[in-house]
1. In sequence order, what are the phi-derived ³J(HN,Hα) couplings for segment 53-61 according to the Karplus relation 6.51 cos²θ - 1.76 cosθ + 1.60 with θ = phi - 60°, rounded to whole Hz, with x for glycine and proline?
2. What are the ³J(HN,Hα) values, in whole Hz, obtained from phi via the Karplus relation 6.51 cos²θ - 1.76 cosθ + 1.60 with θ = phi - 60°, for each residue of segment 24-31 in sequence order, with x given for Gly and Pro?
3. Can you give the local net charge around residue 58? Use residues other than it whose beta-carbon is closer than 9 angstrom to its beta-carbon, Lys and Arg +1, Asp and Glu -1.
Amino acid sequence: MVGRTERFNTTRFETPSMARELDHECPECDEEREFYRAAATHLHLGLKTKWYCPECGFGFVRINGIDSTAV
Ligand SMILES: [Zn+2]
């Protein structure tokens, strides 16, 4: 867990929802990947972010940090 603490320190000026990387299980790779944020949009219901797996290109959307299939 030491490595995670170091990474949090480098992003301490951003809120968690604005992080540029996200550890998330990829259904295509069938294992945990470090997704990257491709886009972030402010909607009336909150912050919508799009994430992509760098290994296979699988993408998903989150709204206020909650997974959503409504792209
Ligand atoms: Zn993947």
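Values in this text are rule-based calculations from the coordinates and carry no lab data. Not measured: the values here are computed from a predicted model. Heads up, the Cβs are rebuilt from the backbone with ideal geometry, glycines too, and the neighbour counts pull from every protein chain shown.
1. Along segment 53-61, the couplings run 7, x, 7, 10, x, 4, x, 8, 10 Hz.
2. Once θ is set to phi - 60°, the couplings for segment 24-31 become 8, 6, 9, x, 7, 7, 6, 7 Hz.
3. -1
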